[in-house]
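Novice: Have a look at the structure that comes next, please.
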Amino acid sequence: MSCLEGGIETLCITEAFGEFRSGKTQLAHTLCVSTQLPLHMHGGNGKVAYIDTEGTFRPERIVPIAERFGMDANAVLDNIIYARAYTYEHQYNLLLGLAAKMAEEPFRLLIVDSVIALFRVDFSGRGELAERQQKLAQMLSRLTKIAEEFNVAVYITNQVIADPGGGMFITDPKKPAGGHVLAHAATIRLMLRKGKGEQRVCKIFDAPNLPEGEAVFQITTGGLMD
Ligand code: ATP
Ligand code: MG
């Protein structure tokens with residue numbers, strides 16, 4: 001997507017939030033490929049780690065996206081290290097294991113799709129919010145540390161929840177989950193929403209060096225496109 005000017009940044013966390021089917025996971029798939037482009041094509045030329053908490057990663061989706069970018073699909077797939085997480089603790093432990101891997105091989109991107117879903121399941125009881133936020137903060141600080149220590153881009157996805165207060169727009173009754181803890185951890189926040197058909201809209205918040213604007217994109221077989 002050109003609104004991201006070729007990709008997402010290393011050394012920090014980029015968060016995408018939006019309702020179901022808004023394209024968060026499809027953006028993750030596209031980034032898996034675009035990150036592996038050679039440097040002269042604005043890629044990061046490195047491996048990708050993918051932590052999947054919802055079981056929605058589809059390796060067969062990577063194939064047409066790689067072909068669109070003129071890359072060898074098998075080579076691209078070989079460079080994606082994939083793990084499914086089943087509890088928030090499992091998710092955290094996977095990050096510890098990854099750090100050891102990243103110390104040995106060059107990685108350029110870490111994806112956690114979704115960063116918050118397991119927390120919402122594992123701390124669903126009344127009165128558990130404070131503990132959830134504390135554990136979430138720990139997870140996010142681990143992600144920031146990985147971004148900085150290994151010079152990788154971190155892409156996380158987040159859900160939206162009902163907001164009786166009016167959300168980020170007076171007309172939109174939804175807001176990103178995770179509260180201030182997540183808002184402060186993410187350097188760039190992307191809000192995705194559905195448009196007509198396969199059209200989607202991406203709004204950029206808080207980016208230190210990208211214009212705060214809206215861009216329309218499409219979800220296609222070859223990945224996200226303008
Ligand atoms: P959730 O909150 O449920 O995880 P999401 O934001 O991750 O949702 P995605 O899974 O990224 O949503 O997007 C789903 C959308 O992508 C669907 O509308 C689907 O039609 C579209 N899509 C998936 N695969 C393709 C494809 N091969 N070609 C075109 N569109 C596709
Ligand atoms: Mg998804």
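The values are calculated or read from the model by the stated rules, or taken from the named source; none is laboratory data. Note that this is a predicted model, so its numbers are computed, not measured. A quick note on method: Cβ atoms are made from the backbone with ideal geometry, for glycine too, and the neighbour counts reach across all protein chains shown. Ligands, DNA and RNA are stripped out before the accessible areas are found, and what is left, the full protein with its side chains, is counted by its heavy atoms. Shrake-Rupley method; radii C 1.70, N 1.55, O 1.52, S 1.80 Å.
Novice: What is the residue count in segment 177-207 for residues that are within 19 Å of LEU143 (Cα to Cα), open to solvent by 60 Å² or more (accessible area, probe 1.4 Å) and assigned to a loop (DSSP other than H, G, I, E, B)?
Specialist: Final tally of qualifying residues: 1.
Novice: Which of the residues spanning segment 157-176 are of a type in the set (D, E, K, R) and either modelled with pLDDT of 95 or more or not in a loop (DSSP other than H, G, I, E, B) (or both)?
Specialist: Scanning segment 157-176 gives ASP172, LYS174, LYS175.
Novice: Quick check on ALA85: is it free of Cβ contacts under 8 Å to residues at least 40 places away in the same chain, more than 16 Å from ligand 2 (Cβ to nearest atom) and open to solvent by less than 20 Å² (accessible area, probe 1.4 Å)?
Specialist: In short, no.
Novice: Take the residues of segment 35-55 that are within 16 Å of ligand 2 (Cβ to nearest atom) and of a type in the set (D, E, K, R): which is surrounded by the fewest Cβ atoms within 10 Å (Cβ to Cβ)?
Specialist: Among those that are within 16 Å of ligand 2 (Cβ to nearest atom) and of a type in the set (D, E, K, R), it is GLU54.
Novice: In the list PRO59, PRO106, PRO38, PRO64, which residue meets the criterion of being closer than 25 Å to ASN151 by Cβ and in contact with a helix residue (DSSP H, G or I) (Cβ under 9 Å, 6 or more places away or on another chain)?
Specialist: PRO106
Novice: Now a separate question. Identify the single condition in (1) of a type outside the set (Val, Ile, Thr); (2) in contact with a His (Cβ under 9 Å, 6 or more places away or on another chain); (3) open to solvent by less than 50 Å² (accessible area, probe 1.4 Å) that ALA66 does not satisfy, given that it satisfies every other one.
Specialist: The failed condition is (2).
Novice: Go through segment 125-164 residue by residue and tally those that are on the phi > 0 side of the Ramachandran plot and buried (at least 16 other Cβ atoms within 10 Å of the Cβ).
Specialist: Qualifying residue count for the region: 0.
Novice: Which one is farthest from ligand 1 (Cβ to nearest atom) among residues in segment 5-34 that are over 13 Å from the mean Cα position of the chain (by Cα) and either β-branched (Val, Ile, Thr) or surrounded by fewer than 18 Cβ atoms within 10 Å (Cβ to Cβ) (or both)?
Specialist: Here the answer is LEU11.
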